[in-house]
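First up is the structure itself, then whatever we jot down about it.
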Amino acid sequence: MTEFADIWSYLAQGPLVWLAATMAAYLVGDMAFRASGRKPFVNPVLIAVVLLAATLWTTQTPYATYFEGAQFVHFMLGPATVALAVPLYTHRAIIRKTIFPLVAALLAGSLTAVVSALFIANAFGIEGVTLASLAPKSATAPVALGVSEAVGGSPTLTAVLVILTGITGAVIATPILNLLRIRDWRARGFAVGVAAHGIGTARAFQVNEQAGAFAGVGMGLNALLTAILAPLILTFFQ
Amino acid sequence: MIQALTLLLSFQLIGEVAARALNLPLPGPVLGMLALVSLFILLPRAQEIARPVATALLANLSLLFVPAGVGIVGHLDRLGNDGAPILLAIVVSTGLAIGVGAVVFSAVARFAGVRDD
């Protein structure tokens, strides 16, 4: 019989282990989310990330080795972004009708996200690479990474901050919007998409299909605006 | 499914090529999404081909963020020092942005007389 250590060292060479682990960890997170009655703070992404990070730490596996397997899942972010064309097309009539509220909320939400984050972090003495990495955190991952690199940030740190922002948005959106008594699904979804990109959009789709479509629009539009605004606003903090 | 995946990947490719060739500040997939909406407007049948796979992908969008999120293991020392203020900045700014965005949306919608129906 082959020793477990030998099997492990064979498997650790290929992408299979970490691809399977990524799917399994997410499945556990999703099961916990369903078991909780879909409570927003039982976030499947957060649970999966904690489980996988703990596994990497215990097995002394470098992130690069993990990513060789997980990259197949990561790659699907591109086609999924393109796939947003379907809900955009389906809801085109409502989007055309709400163009003024959309543009106003986009400007207000996007500016608030960048300025308040930089202001708070800077007030606590954060500057340089870390501050630059924080600026594009509300934009969808592929845009945020590009902006971070362009303004002297660290793209991998930005990736983590983008995910944290998304999880935060997914968790706090429902309580905040209920507190503000916003009942319009378009307003709720759009604001979440602008502030918390794909993870917020995924959460909005779980709550309401129209909110999800508007969140997708908000995420797409804020990808454009953050690419323009974040570098400009950052110059005031340097 | 193969047709739908080919459609999505081709439009991502078109987006990537356009972003680089025209030196646009936008990521390829976002341009691909805009191009695909244009195709649906010109050729509504294309939308029926893409719909099942697109819906399945978007329903499981959260999963796709897991690999990038696990990247946190490489930044634990930086987050150890500056973790609390960064977390505070993220939580407060995200909450503010959601609140401000939603309030502005409803206020302008009411002012412009755009009904929710």
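The values are calculated or read from the model by the stated rules, or taken from the named source; none is laboratory data. Computed from a predicted model, the values in this text were never measured in an experiment. Neighbour counts run over all protein chains shown; Cβ positions are idealised from the backbone, glycine included.
Taking region A:140-170, which residues are more than 9 Å from chain B (Cβ to nearest Cβ) and either in a helix (DSSP H, G or I) or crowded, with 24+ Cβ neighbours inside 10 Å (or both)?
The initial filter retains those residues of region A:140-170 that are more than 9 Å from chain B (Cβ to nearest Cβ), namely A:144, A:148-149, A:151-153, A:155, A:158.
Those that are more than 9 Å from chain B (Cβ to nearest Cβ) and either in a helix (DSSP H, G or I) or crowded, with 24+ Cβ neighbours inside 10 Å (or both): A:ALA144, A:SER148, A:GLU149, A:GLY153, A:PRO155, A:THR158.
Looking only at region A:17-39, how many residues end up being part of a helix (DSSP H, G or I) and farther than 22 Å from A:THR165 by Cβ?
Summing the residues that are part of a helix (DSSP H, G or I) and farther than 22 Å from A:THR165 by Cβ in region A:17-39 gives 12.
So which residues in region A:40-68 are more than 7 Å from chain B (Cβ to nearest Cβ), in a helix (DSSP H, G or I), within 11 Å of B:VAL70 (Cβ to Cβ) and not aliphatic (A, V, I, L, M)?
Within region A:40-68, the subset more than 7 Å from chain B (Cβ to nearest Cβ) is A:40-43, A:46-47, A:50-51, A:54-55, A:58-62, A:64-65, A:68.
Narrowing the set further to residues that are in a helix (DSSP H, G or I) leaves A:46-47, A:50-51, A:54-55, A:58-59, A:64-65, A:68.
If we keep only those that are within 11 Å of B:VAL70 (Cβ to Cβ) too, we end up with A:50-51, A:54-55.
A:THR55, the sole residue that qualifies.
Could you say whether any residue in region B:29-48 is touching a residue at least 12 places away in the same chain (Cβ under 8 Å), within 25 Å of A:ALA211 (Cα to Cα) and β-branched (Val, Ile, Thr)?
Checking region B:29-48: at least one residue is touching a residue at least 12 places away in the same chain (Cβ under 8 Å), within 25 Å of A:ALA211 (Cα to Cα) and β-branched (Val, Ile, Thr).
In this structure, is A:ARG188 more than 8 Å from every other protein chain (Cβ to nearest Cβ) and among the charged types (D, E, K, R)?
Judged against the criteria, A:ARG188 is not a match.
Listed here are the residues, each with its yes/no results for (1) of a type in the set (S, T, N, Q); (2) over 30 Å from A:LEU177 (Cα atoms); (3) in the same structural domain as A:GLY198 (by TED's automatic domain parsing).
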site	(1), (2), (3)
A:GLN13	yes, yes, no
A:ALA20	no, yes, no
A:MET23	no, yes, no
A:GLY29	no, no, no
